[in-house]
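Asker: Quick one: structure below, then a few questions.
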Amino acid sequence: MALLDTAAPAVPLGGPDLPQERRLVTDLPGPRSAEILARKADAVAAGVGHTVPVAAVAAGGGVVVDADGNSLIDLGSGIAVTTVGNAHPKVAAAVAAQAAQFTHTCFMISPYESYVGVAEALNRVTPGDFAKKSALFNSGAEAVENAIKIARKHTGRQAVVAFDHGYHGRTNLTMALTAKSMPYKSGFGPFAPEVYRAPMSYPFRDGLDGREAAARVILQLEKQIGADNLAAVIIEPIQGEGGFIEPATGFLPALSEWATANGVVFILDEVQTGFARTGDLFAANHERVVPDLIATGKGIAGGLPLAAVTGRAEIMDSPQSGALGGTYAGNPISCAAALSTIETYEKNNLVVRAREIAAIIDEVFTELGASDDRIGDIRGRGAMKAIEVVHPDSTDPNPALTDSVAKFAADHGVVVLTCGTYGNVIRFLPPLAISDELLREGLRVVADGFRTNAPTSATKESQS
Ligand code: PLZ
């Protein structure tokens, strides 16, 4: 009721025509957001957290606008989802048109063309020059689960290997694949059996080159599981929730070669890295790694829920008819959104935009990193970059400073996300629709967060 009182700011339409500015008209949260968040606390289960204390009413380009009329710079894209830009006009139009046509039939009851079109597009744009097939699902976790199901059916084997720091979802099997206990797994066992964990290549912390790190993994797989028992290896080419860990060059190709030589299905989880995010359409392309199966989601449909498994036709066809699917899997509205989203990546050559964004992030943080020894590592590719925050003159994780900087950014109208096993990584996932100016402004606020939180003894000589 209070939301309708006369002081309510007019709710703007989203999309790129929103004023592209950081504008705070209240402290955060403002009164309307505070009221909605109070209702959330009463009505929504405590397990469903939130990062920024604002209630969104519109978003587009590089901003999120809240219920009080505050306009925040978006450096998170709703966790790497609105890569083409929030409420992108082509996506919004495709959604509206499809919603007016039909909203659902269930693809398993009466199929429709847009699902087939999305499968054809995925078969064409994913890595690998061979016959492929796809199946669509509702979420990244569901895609990952199905990739494992397909690999097990194809190989007749059960064991699956995932990696330290890996994140694959919140369902039972994907919790088992996910490394981090708090908050994702704690109290939710027992977890799915026959899931094994191998050491990730983490150059900042292990000092190994790609071949050495792969040899360490392979020895473990051969000795502890046995290749003959192993259905699949699943890995994120750059880890997302685990800390934007980019394995050393050569690690992924070596694992992929070993898997192929041993009849193990090599699965890339590109739910977070996929669709132009890393400056390639898929992160696998960077080292020309070709997975047998690839799981995609997030950026696939401009914000509509959709995910997919795509891969070698003979593997994808292993499960019997009726074995894959779901009531909503490949919903027609999501498929319409995906078709215009994928077309936008290709027509607008958005991989190039992701690389431009990387250059700006590098410019700002290489300078800051040179003068602040709490910035341990700057890594990632394209519009998927991160800073690992440490205690001065060490590699000891510094989650307290990480949280302070993220809070400073939010208080000053910039949405940034944190991640990492040790909670000490600030990640940047801006929409590719953000302007250079807004990106620079957002990054400057984050940099100010480091300066504001700097005990003078903790920083090197300031340059300016
Ligand atoms: N695989 C690599 O990054 C989702 C999770 C946010 P869903 N990452 C964001 C949270 O706290 O729930 C993700 C991912 C990778 C799988 C998933 C799971 O995708 O669409 O969230 O199920």
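Asker: Determine which single condition Lys180 fails, assuming it passes every other condition in (1) in a loop (DSSP other than H, G, I, E, B); (2) within 23 Å of Ala283 (Cβ to Cβ); (3) open to solvent by less than 60 Å² (accessible area, probe 1.4 Å); (4) more than 14 Å from the ligand (Cβ to nearest atom).
Answerer: Of everything listed in (1) in a loop (DSSP other than H, G, I, E, B); (2) within 23 Å of Ala283 (Cβ to Cβ); (3) open to solvent by less than 60 Å² (accessible area, probe 1.4 Å); (4) more than 14 Å from the ligand (Cβ to nearest atom), Lys180 misses just condition (4).
Asker: For residues that are farther than 17 Å from Gly442 by Cα, in contact with a strand residue (DSSP E or B) (Cβ under 8 Å, 6 or more places away or on another chain) and of a type in the set (Ser, Thr, Tyr), tally how many sit in the stretch 13-68.
Answerer: Qualifying residue count, the stretch 13-68: 1.
Asker: Quick one: which residue in Val48, Val64, Val44 is closer than 22 Å to Ile434 by Cβ and not assigned by TED's automatic domain parsing to the domain that holds Phe275? So that I can check it myself, show each step before the final result.
Answerer: Working: Val48 fails: closer than 22 Å to Ile434 by Cβ; Val44 fails: closer than 22 Å to Ile434 by Cβ.
After ruling out the rest, the residue left standing is Val64.
Asker: For the stretch 295-338, which residues satisfy the criterion of being within 16 Å of the ligand (Cβ to nearest atom), more than 30 Å from Lys153 (Cα to Cα) and open to solvent by less than 30 Å² (accessible area, probe 1.4 Å)?
Answerer: Gly302, Ala337
Asker: Please determine whether any residue of the stretch 183-200 is within 16 Å of the ligand (Cβ to nearest atom), touching a residue at least 40 places away in the same chain (Cβ under 8 Å) and open to solvent by less than 20 Å² (accessible area, probe 1.4 Å).
Answerer: Yes, some residue in the stretch 183-200 is within 16 Å of the ligand (Cβ to nearest atom), touching a residue at least 40 places away in the same chain (Cβ under 8 Å) and open to solvent by less than 20 Å² (accessible area, probe 1.4 Å).
Asker: Provide a single number: the residues in the stretch 155-175 that are open to solvent by 10 Å² or more (accessible area, probe 1.4 Å) and either out of contact with any Asp or Glu (no Cβ under 8 Å at 6 or more places or on another chain) or of a type in the set (S, T, N, Q) (or both).
Answerer: 9
Asker: Have a look at Glu194, Glu142 and point out the one that is at positive phi and touching a strand residue (DSSP E or B) at 6+ places or on another chain (Cβ under 9 Å). So that I can check it myself, show each step before the final result.
Answerer: On the way: Glu142 fails: at positive phi.
The unique qualifying residue is Glu194.
Asker: A follow-up question, please. For the structure I just gave you, tell me whether Arg32 is of a type in the set (D, E, K, R), open to solvent by 40 Å² or more (accessible area, probe 1.4 Å) and in a helix (DSSP H, G or I).
Answerer: Details: of a type in the set (D, E, K, R): yes; open to solvent by 40 Å² or more (accessible area, probe 1.4 Å): no; in a helix (DSSP H, G or I): yes.
So Arg32 does not fit the description; no.
Asker: For Leu221, are the conditions met, namely being more than 23 Å from Pro193 (Cα to Cα), more than 11 Å from the ligand (Cβ to nearest atom) and either in contact with a strand residue (DSSP E or B) (Cβ under 8 Å, 6 or more places away or on another chain) or open to solvent by less than 10 Å² (accessible area, probe 1.4 Å) (or both)?
Answerer: When the stated conditions are applied, Leu221 does not pass them.
Asker: Restricting attention to the stretch 77-85, does a residue exist that is away from the ligand (no atom under 16 Å from the Cβ) and either charged (D, E, K, R) or within 30 Å of Phe275 (Cβ to Cβ) (or both)?
Answerer: The answer is yes, given that some residue of the stretch 77-85 is away from the ligand (no atom under 16 Å from the Cβ) and either charged (D, E, K, R) or within 30 Å of Phe275 (Cβ to Cβ) (or both).
Asker: Out of the stretch 268-291, which residues are under 30 Å from Lys223 (Cα atoms), open to solvent by less than 20 Å² (accessible area, probe 1.4 Å), out of contact with any Ser or Thr (no Cβ under 8 Å at 6 or more places or on another chain) and away from the ligand (no atom under 11 Å from the Cβ)?
Answerer: Across the stretch 268-291, the qualifying residue is only Ala284.
Asker: Related question: Residue check: is Val265 touching a Leu at 6+ places or on another chain (Cβ under 7 Å), among the hydrophobic types (A, V, I, L, M, F, W, C), touching a residue at least 12 places away in the same chain (Cβ under 8 Å) and surrounded by 24 or more Cβ atoms within 10 Å (Cβ to Cβ)?
Answerer: So Val265 fits the description; yes.
Asker: Tell me yes or no: at least one residue of the stretch 135-144 is modelled with pLDDT of 95 or more, away from the ligand (no atom under 11 Å from the Cβ) and either open to solvent by 20 Å² or more (accessible area, probe 1.4 Å) or assigned to a helix (DSSP H, G or I) (or both).
Answerer: The answer is no, given that none of the residues of the stretch 135-144 is modelled with pLDDT of 95 or more, away from the ligand (no atom under 11 Å from the Cβ) and either open to solvent by 20 Å² or more (accessible area, probe 1.4 Å) or assigned to a helix (DSSP H, G or I) (or both).
Asker: Okay, moving on. Name the single residue, out of those in the stretch 50-84 being free of Cβ contacts under 8 Å to residues at least 40 places away in the same chain and open to solvent by 60 Å² or more (accessible area, probe 1.4 Å), that is farthest from Val405 (Cα to Cα).
Answerer: Of everything passing the filter in the stretch 50-84, Ala56 is farthest from Val405 (Cα to Cα).
Asker: Now, a different point. If a residue must be exposed (fewer than 12 other Cβ atoms within 10 Å of the Cβ) and not hydroxyl-bearing (Ser, Thr, Tyr), how many such residues does the stretch 91-103 contain?
Answerer: Result for the stretch 91-103: 2.
Asker: A further question follows. Being under 20 Å from Arg205 (Cβ atoms), open to solvent by less than 20 Å² (accessible area, probe 1.4 Å) and either within 12 Å of the ligand (Cβ to nearest atom) or in contact with a helix residue (DSSP H, G or I) (Cβ under 6 Å, 6 or more places away or on another chain) (or both) is true for just one of Pro247, Pro237. Which residue is that?
Answerer: So the residue among Pro247, Pro237 that is under 20 Å from Arg205 (Cβ atoms), open to solvent by less than 20 Å² (accessible area, probe 1.4 Å) and either within 12 Å of the ligand (Cβ to nearest atom) or in contact with a helix residue (DSSP H, G or I) (Cβ under 6 Å, 6 or more places away or on another chain) (or both) is Pro237.
Asker: If I filter the stretch 154-174 for residues that are assigned to a helix (DSSP H, G or I), without any contact (Cβ under 8 Å) to a residue 40 or more places away in the chain and away from the ligand (no atom under 14 Å from the Cβ), do I get at least one hit?
Answerer: No, that holds for no residue.
The values are calculated or read from the model by the stated rules, or taken from the named source; none is laboratory data. The structure presented is a predicted model; accordingly, all values stated were derived computationally and were not measured. Here Cβ is always computed from backbone atoms with ideal geometry, including for glycine, and neighbour counts include all displayed protein chains. Surface areas here come from the heavy atoms of the whole protein model, side chains and all, with no ligands, DNA or RNA. Shrake-Rupley method; radii C 1.70, N 1.55, O 1.52, S 1.80 Å.
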